[in-house]
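Have a look at the structure below before the remarks.
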Amino acid sequence: MTWQKWSYMDHWVLDTPQGGQNPYFNRRYLEQYIRQLAALGFRGFDTFFFYLPMAAQLFGSVKKFEEFLQDEGFDKITGIFSAYPNATKFTAPHVRSTHDRIFADSERIVEMVDGLAVENLIVMPTNTYFQVAPITDEKIKITADLWNRVGEMSISHGLKLSCHFEFWGGIRTPEELALFFEYTDPRYVFYFCDTAQHTIAGVDPLELFRTYRERCSGFHFKDTHTIDRDEAYRTPPDAELMAPNVSRWFHEMGTPEGLVDFPSLMKEIVSSGFDGWLTVEHDQAEVGGNNYAEATSVAKWYIDNVLEKVEADR
């Protein structure tokens with residue numbers, strides 16, 4: 001049995017008589033989905049903030065949904081993901097006048113999980129690159145000020161404000177990341193390492209973890225076959241779905257063409273003493289006729305048969 005704690009990021013699409021739907025389509029589908037994850041051995045569950053009201057409607061409350069997870073073998077809900085990919089006049093982290101609205105939204109999310117043992121409030125710290133550009137030190141400073149404020153609030157409720165950077169986001173390069181970390185308070189602002197997103201952006205997730213180990217609150221373990229060398233990150237309105245010449249950015253761990261060196265990263269994680277959750281995430285698993293159940297099974301096989309050996313050798 002692996003000693004690391006593995007969680008799953010809530011991304012599935014299920015086939016239903018009404019076509020592809022997320023598992024919150026109804027309670028029966030959601031229960032089947034959770035039981036598949038439990039059968040694979042996942043113990044933590046990360047989800048999006050907008051699924052919390054759906055779960056509460058199906059189970060009576062978010063707390064009762066977590067109790068269902070625990071009855072099926074999970075420890076708890078581990079992280080809640082929030083994002084503003086599209087800038088609006090109300091939600092643009094690089095625009096100071098929108099900060100009160102974003103702070104209030106973040107407070108409501110924290111209140112939805114009040115009393116639970118959620119560890120991370122995971123956020124995309126910026127909007128899409130093309131809506132933030134040009135990227136300036138001042139915009140990064142303004143963005144950092146917002147998340148310092150949100151982080152101080154969330155840590156008072158027991159949640160780490162954990163910044164998750166996208167390859168198409170307004171903060172993406174090593175220099176921009178370094179400036180953001182310089183402007184943010186390490187007591188209140190942490191980072192969540194998405195192995196594929198950083199790799200696509202030309203940032204080595206292993207080196208990033210080595211540099212900011214003390215601020216790392218978790219991982220999204222997924223792979224990619226592509227480094228963005230053609231500035232696809234600039235593609236409006238959605239570089240993940242509409243970038244030319246790339247039909248699928250993300251892949252599960254264990255594919256032969258994968259670019260992320262997961263064994264080396266796992267070795268570094270183990271040797272560092274990191275004791276947080278490691279989260280499997282799949283985006284675009286349905287592209288090309290594939291499906292989330294298969295991708296998740298492949299990823300868990302890779303954990304149990306490749307990454308666990310790294311852990312055993314610690």
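The values are calculated or read from the model by the stated rules, or taken from the named source; none is laboratory data. Remember, predicted model here, so these are calculated numbers, not experimental data. Cβ coordinates were reconstructed from backbone atoms using ideal geometry, including for glycine residues, and neighbour counts include every protein chain displayed. Protein only, heavy atoms only, side chains kept; ligands, DNA and RNA dropped before computing areas. Shrake-Rupley method; radii C 1.70, N 1.55, O 1.52, S 1.80 Å.
Points worth noting:
- Of the residues examined, Thr78 is one that is hydroxyl-bearing (Ser, Thr, Tyr) and closer than 22 Å to Ala117 by Cα.
- For the range 1-44, the set of residues classified as over 23 Å from Lys64 (Cβ atoms), among the aliphatic types (A, V, I, L, M) and at pLDDT 90 or above consists of Leu40 only.
- Residue within the range 47-69 that is hydroxyl-bearing (Ser, Thr, Tyr), out of contact with any Phe, Trp or Tyr (no Cβ under 6 Å at 6 or more places or on another chain), closer than 24 Å to Gln4 by Cα and buried (at least 21 other Cβ atoms within 10 Å of the Cβ) present: yes
- Close pairs (8 angstrom Cβ cut-off, 6 or more residues apart or separate chains): farther than 13 Å from His282 by Cβ in the range 1-21, of a type in the set (Gly, Ala, Ser) and modelled with pLDDT under 85 anywhere: Leu14/Gly20
- In the range 1-72, counting only strands (runs of 3 or more DSSP E) that sit wholly within it, the ones holding 1 or more residues that are hydroxyl-bearing (Ser, Thr, Tyr) and closer than 26 Å to Gly288 by Cα span 5-9, 14-16, 44-48.
- Tally, over the range 162-175, of residues that are in a helix (DSSP H, G or I) and either open to solvent by less than 10 Å² (accessible area, probe 1.4 Å) or in contact (Cβ under 8 Å) with a residue 12 or more places away in the chain (or both): 1
- When the range 181-202 is filtered for residues that are open to solvent by less than 10 Å² (accessible area, probe 1.4 Å), closer than 16 Å to Trp249 by Cα and touching a helix residue (DSSP H, G or I) at 6+ places or on another chain (Cβ under 7 Å), the ones remaining, listed by number, are Thr195, His198.
- Asp238 vs. criteria without any contact (Cβ under 8 Å) to a residue 40 or more places away in the chain and over 22 Å from Ile80 (Cβ atoms): no
- Of the residues making up the range 125-161, just one is in a helix (DSSP H, G or I) and free of Cβ contacts under 8 Å to residues at least 12 places away in the same chain, namely Glu138.
- The condition (being open to solvent by 30 Å² or more (accessible area, probe 1.4 Å), of a type in the set (A, V, I, L, M, F, W, C) and under 26 Å from Trp6 (Cα atoms)) is satisfied by just one residue among Ala117, Ala178: Ala117.
So that you can scan it fast, the table gives a plain yes or no per residue for (1) farther than 30 Å from Val270 by Cβ; (2) touching a helix residue (DSSP H, G or I) at 6+ places or on another chain (Cβ under 7 Å):
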position	(1), (2)
Gln4	no, yes
Tyr8	no, yes
Leu14	yes, yes
Phe25	yes, no
Tyr29	yes, yes
Gln32	yes, no
Asp46	no, no
Phe50	yes, no
Pro53	yes, no
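- For the range 179-193, the criterion of being of a type in the set (A, V, I, L, M), closer than 27 Å to Phe45 by Cα and touching a residue at least 60 places away in the same chain (Cβ under 8 Å) is satisfied by no residue at all.
- Among (1) among the β-branched types (Val, Ile, Thr); (2) over 22 Å from Val246 (Cα atoms); (3) open to solvent by less than 50 Å² (accessible area, probe 1.4 Å), the one test that Ile155 misses: (3)
- Residues that are touching a Phe, Trp or Tyr at 6+ places or on another chain (Cβ under 9 Å) and among the basic types (Lys, Arg), drawn from the range 186-230: Arg213, Arg215, Lys222
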